[in-house]
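Undergrad: Quick one: the structure is below, questions incoming.
Just so it is clear, none of the values below were taken in a lab; they were calculated from the coordinates. Quantities reported herein were computed from a predicted structural model and do not represent experimental measurements. For neighbour counting, all protein chains shown are included, and Cβ atoms are generated from backbone atoms with ideal geometry for every residue, glycine included.
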There are 2 protein chains.
Amino acid sequence: MRATVIHAPGDIRVEDVPGPRIVKPTDAIIRTVATCVCGSDLWPYRGLEPVGDPHPMGHEYVGVVEETGSEVTHVKPGQFVVGSFATSDNTCANCRKGWQSSCLNREFMSTCQAEYVRIPNAHGTLVATDEHPSGDLVPGLLAVSDVMGTGWYAALAAEVKPGSTAVVVGDGAVGLCGVIAAKELGAERIIAMSRHESRQKLALEFGATDIVTERGEDGVTRIKDLTGGIGADSVLECVGTAQSMRQALHSARPGGNVGFVGVPHEVAVDGQELFFSQVGLRGGPAPVRRYLPDLIDRVLSGHINPGKVFDLTLPLDQVAEGYKAMDERRAIKTLLTP
Amino acid sequence: MRATVIHAPGDIRVEDVPGPRIVKPTDAIIRTVATCVCGSDLWPYRGLEPVGDPHPMGHEYVGVVEETGSEVTHVKPGQFVVGSFATSDNTCANCRKGWQSSCLNREFMSTCQAEYVRIPNAHGTLVATDEHPSGDLVPGLLAVSDVMGTGWYAALAAEVKPGSTAVVVGDGAVGLCGVIAAKELGAERIIAMSRHESRQKLALEFGATDIVTERGEDGVTRIKDLTGGIGADSVLECVGTAQSMRQALHSARPGGNVGFVGVPHEVAVDGQELFFSQVGLRGGPAPVRRYLPDLIDRVLSGHINPGKVFDLTLPLDQVAEGYKAMDERRAIKTLLTP
């Protein structure tokens, strides 16, 4: 089959590789209907994370079940399925508490930019739709498998509540989905921090009420101006750098919350500063599995349309251009059709 | 009047100093009925924080109002009052949201180990009891002004809920009050980490169901053993060192919460580690003012007795011995009677 392989920073190729096989009775194989490039894929692409040996890429997927292991009984070949980038058995102690992204048997997906994918823990990971969705709904369902689920988690971790004020740091696909989540959860005011016109436009379409273009302490000053001098109730940190984390923490009011979902790179939080800020902080890989049924419903009913974050669609063979366009910020997020 | 002054690490004296006066119309002067030595007072006493010029000490107090500024109308001379170590106007944007310890006009108390004390922001800070309490209730009310309020905040920040499992790191007065708080908030299992027999005993009396004597990663292993392998729902960090913070973070399950109330000293939290732990973290100086009416009621009704953390009572003149006994861990907490 055709699959994406990274060889070195900037060197992404589609190659012929052996197709996946069932390894454990809890596995399933799916034929990928759509997959995509994640902001986190850009870390190794940009050389900001070691690449190591050439290896496959991709952790977002929707597809059709091809084959199931003997213990996978709730999905059947031919069904359209959505799953999380973090697989989960959905039965362990963490899963039972709703923290499937910390499943004791978790395996992170990493081979999804390909024609076929093996899904470990398929029984606990995949959620089938009643019927095959129409093509226009596929991007939204693909978004649910990661960026929309992650934006949702960011908003919950930041404790967005009806009537609250939310700030979204980061105007990538996750941040934009965070705007959707904040709106769905009832935030009255949603301030998107963005300096890119196309992303500002999408943020406003998704429900942002204010745009702040300043960054760092200037950005924080603007947020304070907009929030009665004390900061926001909820801040969604959707980048993962030391600067964005500082910006997020300083934008929240005492007693407010920061939900951080950008994988932190060289971020250390000073204990005493966090202490006196009285800001609550929770991050992590989103427990997307917990939200899947709800978010799939919201997409299929047309209530939300997170698929709009895909502003570039390419055939899998052009994956290199998909990475390049995102790296150069020509595209928010690239959808790939195998 | 007689007041405590620190001159250098280990050098605590009672001296004759001018009595306090009303400086602002929002001030009150109280005659101290009881005050005490805090674990945080030991940082400069031990030379772990700079002492600087000789200065007064103490931030915990209950007393009788002597005099009030012109804008202080809700308490009157002669009334018995309890207040927080952090003063607050109780009207600013942060106060209105219940975060009085981040009051925009906050002044931290720092002169309370003395016969008389000036209370800034008296109008928003002091809560009067209906009548003068009997002597046996005074220690409990004094505890409410800081350690009990702080333990309460730790339990709330750690999101202790009915039926949950709580771990308390630190067996000082705050940790012990954290046990009381966890029990009052409905924790089903309360694990106190302590290796001191007298403190273990008090923890059990306050509602602890388990004692863990191991520290560091050995302690974490024990906690995991006691919590089905995943860690506790809620952890109250009541020390403030890098080791205790690590122990607390590692003792919480994914999706669990750490409330940290020990003022952090040289603590940095690694962003990526916190991310993958999925533990929620909130700390800070407790918004004691928010809890005062409720906690005063619980003490006056005899429902809780946090006054038991005072296992040494000395006249103010012997304050030096009070510090020494706590430094040498001969006493949990020293109450001083001016």
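Undergrad: Can you list, shortest first in nanometers, how far A:R31 lies from the same residue in the other copies, with each label 7 Å from Cα toward Cβ?
TA: 9.1
Undergrad: Let me ask another. Can you give the calculated 222 nm mean residue ellipticity of the protein assembly as shown, where each DSSP H run of n ≥ 4 adds -39,500 (n - 2.57) and the sum is split over every residue, rounded to the nearest 500 deg cm²/dmol? Before the final figure, lay out the partial values.
TA: On the way: 24 runs with 204 residues, N = 676.
It comes out at -8500 deg cm²/dmol, rounded to the nearest 500.
Undergrad: Need one value for B:228-241: mean number of C-beta atoms belonging to other chains within 10 Å of its residues' C-beta atoms. Provide the component values of the computation, followed by the final result.
TA: Details: counts 4, 4, 8, 2, 0, 1, 0, 0, 0, 1, 0, 0, 3, 1.
For peptide B:228-241, the averaged partner shielding equals 2.
Undergrad: Shortest first and in nm with one decimal, please list how far the A:H7 label point sits from its counterparts in the other copies (point 7 Å along Cα→Cβ).
TA: Label point to label point, same position, other copies: 7.6 nm.
Undergrad: Could you tell me which of rounded, prolate or oblate describes the range B:49-121, using a ≥ b ≥ c as the square roots of the eigenvalues of the alpha-carbon gyration tensor, with rounded for a/c under 1.5 and, failing that, prolate when a/b is larger than b/c and oblate otherwise? Don't skip to the answer; put the middle values down first.
TA: Working: a/c = 2.21, a/b = 1.12, b/c = 1.98.
It is oblate, given that a/c is not under 1.5 and a/b is not larger than b/c.
Undergrad: To continue, here is another question. For the range B:262-338 and the range A:68-106, compute the distance between their C-alpha centroids and round to whole Å.
TA: 44 Å
Undergrad: Using Cα positions and a limit of under 20 Å, work out the lysines in reach of B:K76, with same-chain residues fewer than 8 apart set aside.
TA: Output for B:K76: B:K24.
Undergrad: Please tell me which of these pairs span more than 19 angstrom C-alpha to C-alpha: A:K201/A:K308; A:K97/B:K161; A:K161/A:K333; A:K183/A:K308; A:K97/A:K183?
TA: Details: A:K201/A:K308 11 Å; A:K97/B:K161 14 Å; A:K161/A:K333 28 Å; A:K183/A:K308 16 Å; A:K97/A:K183 25 Å.
Those over the limit are A:K161/A:K333; A:K97/A:K183.
Undergrad: OK, next. Sorting check: for A:132-145, A:198-211, B:271-284, which peptide has the highest mean count of neighbouring beta carbons within 10 Å, and how do the rest follow?
TA: Values: A:132-145: 20.9, A:198-211: 19.0, B:271-284: 22.9.
The most tightly packed comes first, giving B:271-284, A:132-145, A:198-211.
Undergrad: May I ask for the net charge around B:S101, where only other residues with Cβ less than 15 Å from the Cβ of B:S101 are counted and Lys, Arg are +1 while Asp, Glu are -1? Show your work: numbers first, answer last.
TA: On the way: positive: A:R253, B:R96, B:K97, B:R106, B:R282, B:R289, B:R290; negative: B:E60, B:D89, B:E107, B:D146.
Local net charge: +3.
Undergrad: At R0 = 56 Å, how high is the FRET efficiency between A:D297 and B:D317 if r is their beta carbon distance? Nearest 0.05 is fine.
TA: The pair A:D297/B:D317 has a calculated efficiency of 0.20.
Undergrad: Okay, moving on. How about A:K324: which aspartates and glutamates have a C-alpha closer than 13 Å to its C-alpha, ignoring those fewer than 8 places off in the same chain?
TA: A:D11, A:D41
Undergrad: Also, I was wondering about something else. One decimal, nm, shortest first: give the distances between the label point of B:H265 and those of the same position in the other copies, each label point 7 Å from Cα along Cα→Cβ.
TA: Result for B:H265, in nm, nearest copy first: 3.7.
Undergrad: Modelling each spin label as a point 7 Å along the Cα-to-Cβ direction, I'd like the B:R46/A:A8 distance in nm, to one decimal.
TA: Spacing of the two 7 Å Cα→Cβ label points: 5.3 nm.
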